[in-house]
Amino acid sequence: MSLKINNLTKSYGAVPALDHMNLDIAPKQVFGLLGPNGAGKTTLIRILCQLARPDAGSVSIHNRKIRDAVEAKAMIGLVPQTNNLHGGLTVFENLLFHARYYGISRKDAAERAEKLLAEFGLTQNAGKQIHMLSGGTKQRVLIARALIQSPEILIMDEPTVGLDPIIRKELWEMIRNLKKEHTVLLTTQYIEEAEELCDEVAIMDRGKLVVRGRPAELKKEVGDVQYHETTLEDVFMKYTHRTMHGGF
């Protein structure tokens, strides 16, 4: 389903985190949200998930305004930047616990959990506690958990940060497959990840949307860079006057 962000405004004291933010995201694509530290990405994600309230503006999914946490949690799944799985529970128990939070019956929760475990290659880890898993496996559990309520929108907040290149590329393939059924909103600090995965990207800076478009089109617009092939980082630098390395 489509996601519409309309005139979102949020300040913390005198500091504007979001400044009349407007953004439409078409369904079933990977949409990249890029920006330096302080751009407003985290605030936007918190508002989308109803973890924070805007000072003004609204969020709509398929032309339906999301007004409270109950509506948001039914339609939006979140893969957080920080692992917040329950360390004392097994992988299977983590999925069951999360499903019950969404009001899913125990029978349906177990069926959904088993299906997701198989889909993400986690069946053999179902009985293991979280502390026994590798970083890449924990990340797959986080993705499976975010999908347990069958959300329309999947938000992935820097899902591959800190993972080795091989595991990152395995997760890339999973993300490509996810857009067949979901609209994926992705934040990332890796330029090649955004170029590889995103159908469209939006660059934020100081609470404002400064540019959006398909990576190839944006690179073409900034195609006067000398001495090397234009990259999405060149686009990022043009609109934020900062590099992506260390800028997230």
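Data for the structure
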| read-out | value |
| --- | --- |
| Any pair with Cβ under 8 angstrom, 6 or more apart, that starts in region 12-26 at a residue that is buried (at least 18 other Cβ atoms within 10 Å of the Cβ) and part of a strand (DSSP E or B) and ends at one that is acidic (D, E) and modelled with pLDDT of 95 or more | I25/E200 |
| Selection from region 79-101 of residues that are in contact with a Lys or Arg (Cβ under 7 Å, 6 or more places away or on another chain) and hydrophobic (A, V, I, L, M, F, W, C) | L85, V91, L95, A99 |
| Any hit, region 189-205, residues being at pLDDT 90 or above and assigned to a loop (DSSP other than H, G, I, E, B) | yes |
| Close pairs from region 164-183: first under 18 Å from A26 (Cβ atoms), partner assigned to a helix (DSSP H, G or I) and among the aliphatic types (A, V, I, L, M), Cβ under 6 Å, at least 6 apart | I175/L197 |
| Boolean, L44 is in contact with a Pro (Cβ under 9 Å, 6 or more places away or on another chain) and closer than 27 Å to S150 by Cα | no |
| Of residues in region 137-176 being basic (K, R) and in contact with a strand residue (DSSP E or B) (Cβ under 9 Å, 6 or more places away or on another chain), the one surrounded by the most Cβ atoms within 10 Å (Cβ to Cβ) | R145 |
| Residue count, region 138-151 (criterion: touching a helix residue (DSSP H, G or I) at 6+ places or on another chain (Cβ under 6 Å) and assigned to a helix (DSSP H, G or I)) | 3 |
| Any chance D108 is among the acidic types (D, E), touching a strand residue (DSSP E or B) at 6+ places or on another chain (Cβ under 7 Å) and either in a helix (DSSP H, G or I) or closer than 30 Å to M237 by Cα (or both) | no |
| Filter pass, K179 being surrounded by 17 or more Cβ atoms within 10 Å (Cβ to Cβ) and modelled with pLDDT under 95 | yes |
| Residue among L154, L186 that is in a strand (DSSP E or B), at pLDDT 95 or above and farther than 29 Å from A110 by Cβ | L186 |
| Flag if N83 is in contact (Cβ under 8 Å) with a residue 40 or more places away in the chain and in a strand (DSSP E or B) | no |
| Test set (1) closer than 18 Å to V141 by Cβ; (2) part of a helix (DSSP H, G or I); (3) hydrophobic (A, V, I, L, M, F, W, C); (4) within 15 Å of the chain's Cα centre (by Cα) - I167 fails condition number | (4) |
| Region 38-88: number of residues that are of a type in the set (K, R) and crowded, with 16+ Cβ neighbours inside 10 Å | 3 |
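The values are calculated or read from the model by the stated rules, or taken from the named source; none is laboratory data. If you're wondering where the values come from, they're calculated on a predicted model, not measured in any experiment. Every residue, glycine as well, gets a Cβ built from its backbone with ideal geometry; the counts of neighbours run over all protein chains shown.
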